[in-house]
Amino acid sequence: MPLKGRVVVNETYCKGCEVCVAACPQKVLGLAYDHITAKGYHPATLIADGCTGCGICSVVCPEAAITVYREKSGESRESEGGR
């Protein structure tokens, strides 16, 4: 089962610099061109399915505007043979 993630962008801090967009290995981040923040920027947003929750976007964001959540898999360590 592939990992699934969710990205939350704090629009108060996001300046639409696209560093996260360029760094995303899954190419699922982009700018929301249909939305402008109170400061006049197009914020980053998920534009496609496929986020794995790797967190690279969060690490490279110069404004610390991105929080990444990763879904827990349905299997526990015990069901994998106790490793």
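Listing for the model above:
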| quantity | calculated |
| --- | --- |
| Cα centre as origin, Lys/Arg/Asp/Glu Cβ charges: the chain dipole, Debye | 120 |
| Calculated diffusion of the chain, Stokes-Einstein form, Kirkwood radius summed over Cα pairs, 10 °C and 1.306 mPa s, µm²/s | 116 |
| Relative contact order [Cα under 8 Å, 6+ residues apart], the chain, whole percent | 39 |
| Net +/- balance of residues flanking Ala48 in space, Cβ distance below 14 Å, scoring K and R +1, D and E -1 | +2 |
| Per DSSP, loop chymotrypsin sites (Phe, Trp or Tyr not before Pro) in segment 1-73 with at most 15 further Cβ within 10 Å | Tyr33 |
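Readers should treat all values here as calculations from the given coordinates under stated rules, not as data from a laboratory. Not measured: the values here are computed from a predicted model. Cβ coordinates were reconstructed from backbone atoms using ideal geometry, including for glycine residues, and neighbour counts include every protein chain displayed.
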